[in-house]
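Every number here is computed from the coordinates shown, using simple stated rules; none is lab data. Since the model is a prediction, treat every value here as computed from it, not as a measurement. Using ideal geometry, Cβ is built from the backbone for each residue, glycine included, and neighbour counts are taken over all protein chains shown.
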Amino acid sequence: MRTLTILQPDDWHVHLRDGAYLAETTQDISRYFGRAIIMPNLVPPVLTSADAASYRDRIISEVPSNRSFDPLMTLYLTDQTSKKTITEAAKSSIIHACKLYPAGATTHSDAGVNTIEGLYPIFEEMQKTGLRLAIHGEVTDSKVDIFDREKIFIEQYLEPIIRQFPSLKIIFEHITTAEAVQFVQATDSRMGATITVHHLLYNRNDMLAGGIKPALYCLPVLKRDQHQQALIQAATSGDPSFFLGTDSAPHPASAKENACGCAAGCYTGHAAIELYAEVFASNNALQALENFASCYGADFYGLAHNTKTIKLIETEWTCPARKRFGETDLVPVRAGENIHWQVVNEPGEST
Ligand code: NCD
Ligand code: ZN
């Protein structure tokens, strides 16, 4: 039985939702993650530093008293975002990035940005103040094939943005293609990228062949095997541009297993580091997990590494078929099947 002790990890992209949902998501994510970048796509979205401060308080009130968890807040960019909002956010110690959702690209993105070029004065201010730009990198043109939307976004928007703003720090969120991997590798260290565990574990066959699996439907959608392999290669390569971001995005089972449309988002908050360990172990790269999960993201965000540790052991356990989610329930990734690694301590506890 293999074991692995690593510095306490952080999650650089997560959706905790709000209200009745917040208790379960916060319990799960604070189990061993020290910090997490909290996505702002609430309804209505997190638009100002004041919105972010009160959302942060609501999250902290759900963290069990024996744990320490630091929610790193983000703002949601819209066509109306003002320079003043950015200047204020850059001064705030709780806001670490602004998130760009192209309008209509994903769940809760209706209030997102319609004209990306219209945001250039905002990017200018972000570049000046050092505030990071987190991007959902997919075009929304209904004529563009859903499997090509990330690749086209790179050509159409990311290349011009990095040319125009040479020192803007950008996180290309939840990358899913070989083209995105190559683009991040070819860009200097001001660009980082998060990689989810579901995009490392699965490809579109897992979602579509033998019957559609709603639990695996997310955006950007799972791609073909060669892209999955490129992501695994990037995550395990020791390149500091790539780091852990679960994009754990819960939806009630009723919204995913729905006769009319399936909500986009995969829930991995219940077993995130365990599932990443599985991917790294099965690719003979366990030694690369600590940097990916616990160091490179913090370095990119200019934050210190955590100092406590967690211990994982290689052992089988069965993931519950459903999990409580507010007044309702959700179907997590791996529902009813075995997970091969387990965390055996709370951070810093001896085992
Ligand atoms: C996310 C959600 O549900 O909020 N969904 C998803 O499929 N990943 C939004 C996002 O990150 O795209
Ligand atoms: Zn997300």
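Mind checking whether some residue in the stretch 150-157 is away from ligand 2 (no atom under 16 Å from the Cβ), of a type in the set (S, T, N, Q), over 27 Å from residue 10 (Cα atoms) and touching a residue at least 24 places away in the same chain (Cβ under 8 Å)?
No: the stretch 150-157 contains no residue that is away from ligand 2 (no atom under 16 Å from the Cβ), of a type in the set (S, T, N, Q), over 27 Å from residue 10 (Cα atoms) and touching a residue at least 24 places away in the same chain (Cβ under 8 Å).
Taking the stretch 135-171 on its own, how many of its residues are assigned to a loop (DSSP other than H, G, I, E, B), within 16 Å of ligand 1 (Cβ to nearest atom) and charged (D, E, K, R)?
The qualifying residues number 1.
Just one of 194, 140 is touching a His at 6+ places or on another chain (Cβ under 9 Å) and either within 29 Å of residue 79 (Cβ to Cβ) or among the small types (Gly, Ala, Ser) (or both); which is it?
Being touching a His at 6+ places or on another chain (Cβ under 9 Å) and either within 29 Å of residue 79 (Cβ to Cβ) or among the small types (Gly, Ala, Ser) (or both) holds for just one of 194, 140, which is 194.
Looking at 247, 225 in this structure, which one is more than 19 Å from the chain's Cα centre (by Cα) and either more than 23 Å from residue 322 (Cα to Cα) or within 16 Å of ligand 2 (Cβ to nearest atom) (or both)?
Residue meeting the stated conditions: 225.
Please report, ordered by residue number, the strands (runs of 3 or more DSSP E) entirely within the stretch 280-351 with at least 3 residues that are of a type in the set (Ser, Thr, Tyr). Let's see the steps before the verdict.
Working: elements: 309-318, 323-325, 328-330, 338-343.
Per the criteria, 309-318.
From the residues in the stretch 163-199 that are among the charged types (D, E, K, R), farther than 13 Å from residue 301 by Cα and more than 16 Å from ligand 2 (Cβ to nearest atom), which one is farthest from the chain's Cα centre (by Cα)?
Per the criteria, the residue is 163.
Please go through the stretch 240-290 and give me each residue that is within 16 Å of ligand 1 (Cβ to nearest atom) and without any contact (Cβ under 8 Å) to a residue 60 or more places away in the chain, ordered by number.
Across the stretch 240-290, the qualifying residues are 255, 258, 261, 262.
Out of the residues in the stretch 172-196 that are assigned to a loop (DSSP other than H, G, I, E, B) and polar (S, T, N, Q), state the one that is nearest to ligand 1 (Cβ to nearest atom).
196
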